[in-house]
Every structure is written in structure tokens, then in C-alpha cells.
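The values are calculated or read from the model by the stated rules, or taken from the named source; none is laboratory data. Note that the structure is a prediction, hence the values are computed from the model and not measured. Glycine also receives a Cβ, built like all others from the backbone with ideal geometry; neighbour counts cover every protein chain displayed. Keep in mind that these areas ignore ligands, DNA and RNA; they rest on the heavy atoms of the full protein, side chains included. Shrake-Rupley method; radii C 1.70, N 1.55, O 1.52, S 1.80 Å.
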Amino acid sequence: MPSLKSLRSRINSVKSTRKITQAMKMVAAAKLRRAQSQAEAARPYAERMERMLASLGASVQGSPDAPKLLVGTGAETVHLLVVITAERGLCGPFNTNVGRFARNRIRALEAEGRTVKILAVGRKGAAYLKREFASRFVGEISFAGQKRIGFDEAARITGEVTALFEQGGFDICSLVYNRFRNVISQTPVEQRLIPAPLPEVAPAEGPSQEYEYEPDEAEILARILPQNLAIQVYRSLLDNSAGEQGSRMTAMDNATRNAGDMINKLTLNYNRTRQANITKELIEIISGAEAV
């Protein structure tokens, strides 16, 4: 049976831990509101950009002058996965889920005979994937210490991806990250970047309209496609940031509840142990008195 002193020490230790988890929960909730508003504000622009690319890309897709970012290399041999995770832990299964999703995707591609390369964004994802796929890494990007992730960080990632593409480093590039849905739901997804996916454009109601572009479609796409890459990466970074804070808030809330339950159990055990010691001392006193 543990001593009263050790039980008091454990109770005080768990109480201190509960204060920390409560503070972390409140901080995550404050950051979540800002990150969620940014993620939701970026989605309409990114979706409109995809529509415009679909309209422009359909007219030049079969042209020999079509930009490579739109049509790719024509091969599907080498795949680059840009895996985005958090810089810190203590956010539940957030990093593990996207790491497991990327690992399964890598195994599936290699089972099909593809070559896989990895660009890790975030220290947690890099540490997770390096255990098994260290030889596939072509780079790591960390934003540790930065309070906010802006468009400049997305442009930095895009610059490394496009530079590797121009060097012939891969044929297909995809983003792997946690898409933010709500506070308790962050879903790992894969989004293709290169060649640019062209969603089908719904036919417009009424008489059809034809547009003339100045300059031509190919030149417009050559300028828009790099910008679209940065926008899609920026949206994924915002989704990742919001999902991280939502997952951390949920994890810290659960940790606070568990700490409260543990304090109750330890307090009950402490009271029982204290009562048992008092009873033992009373029995010893009464027994000694009767012996005299």
C-alpha cells in the first residue's frame, strides 16, 4: 500500500498537469478561431481558381504548346508526395493519421512499380516517415518558431516543387495533408498538384458563350499555373493549421477530464489509506491499554 506522502505527491503532480492541459486547451481554442476563419476564407478563391483553370485548360490540353504544369511529362513513373504535418505534438492522432495515410499511399505506389519521393513539411511528419522511408526523402521544410503561416511559406514550398519538376525530378506531384472539416474531424486527403487536375465544368444554362483571350490561353496559363500551385498549397497549410489546433483542443480537453478522474481516484485512495492508518493506531492503543 502506498504511503500517504507518496499519494499526496501524486495528487499535487496531477493537479499541476491539469492546470497545464487547461491552459493549453484555452490557447488552442483561441488559435483555432483565427485559423478556422482563415481556412474558410481561402477556400472560395481556390475553388474559383480551379474553375478558371478548367475553362482555360480544356482549350489547350491537346496543344503541343500547353504548359508542362498543366499536362505533365506524359509519364507516371516518379511520384513526389508533399506531406504536410504539424511542427509540434500534443494534438492527439492528428500527425499520426496523416503519417499513416502517407505511408499506405507510398506502399501502394511502390507495389505498382512506381518510384516515390518525399518532401516533408513539418517536423512531426518528417520524423514519422523517416523511420521507414528515409531513402525517399528529397527535402524537409520546417516552420518551427513562426507564429503565423502566410502566403510566403506556401510560395517557398511551391518554389522547391517547381524547381524539382523543371529538373525532371518527378512526373506527378501530390499533396498529402489533413483537410479541416470541424473541430473534431480532420480527414487525411491526397490532392494532385502536377499535372494540374482539370475538374469538369458544368454546362452553362442558356445560349453558349465563346470568349476570346488576350494574350492567348497558353500564355495566360503559363502565368496562372504557378500561382495556382501556391494557392492550393496555401489552402492546405491553412487547413492543416486549423486541424492541428482543433485536434489539440480536443486532446487537451480529454487530458483535463482524465486528470480530474485520476485526482478523484487518488483522493479516494488517500482517504482510505489515511482511515486505515488511524484505525490501526487506535487498535494498537486499545490493545496496549488492555495489556496493562
Conditions (1) assigned to a loop (DSSP other than H, G, I, E, B); (2) at pLDDT 90 or above; (3) open to solvent by 20 Å² or more (accessible area, probe 1.4 Å): number failed by Gly169: (3)
Residue that is nearest to Tyr270 (Cα to Cα), among those in region 1-34 that are loosely packed, with under 13 Cβ neighbours inside 10 Å and within 31 Å of the chain's Cα centre (by Cα): Ser16
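Take Ala276 and tell me if it is in contact with a Pro (Cβ under 9 Å, 6 or more places away or on another chain), assigned to a helix (DSSP H, G or I) and aliphatic (A, V, I, L, M).
Here the answer is no, as Ala276 does not meet what is asked.
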Positions within region 182-196 being out of contact with any strand residue (DSSP E or B) (no Cβ under 6 Å at 6 or more places or on another chain) and either part of a strand (DSSP E or B) or surrounded by fewer than 21 Cβ atoms within 10 Å (Cβ to Cβ) (or both), in sequence order: Asn182, Val183, Ile184, Ser185
Residue in region 93-100 that is aromatic (Phe, Trp, Tyr), surrounded by 15 or more Cβ atoms within 10 Å (Cβ to Cβ) and under 30 Å from Ser185 (Cα atoms) present: yes
Criterion: part of a strand (DSSP E or B) and farther than 16 Å from Glu76 by Cα - qualifying residue of Val98, Val138, Val161, Val116: Val138
Selection from region 139-156 of residues that are open to solvent by less than 50 Å² (accessible area, probe 1.4 Å) and more than 15 Å from the chain's Cα centre (by Cα): Gly139, Gly150, Glu153, Ala155
Criterion (charged (D, E, K, R), in contact (Cβ under 8 Å) with a residue 24 or more places away in the chain and open to solvent by less than 70 Å² (accessible area, probe 1.4 Å)) met by exactly one of Arg88, Arg123, Arg103, Arg114: Arg103
Residue selected from region 265-281 under the condition open to solvent by less than 100 Å² (accessible area, probe 1.4 Å) and free of Cβ contacts under 8 Å to residues at least 24 places away in the same chain, by the criterion farthest from the chain's Cα centre (by Cα): Thr279
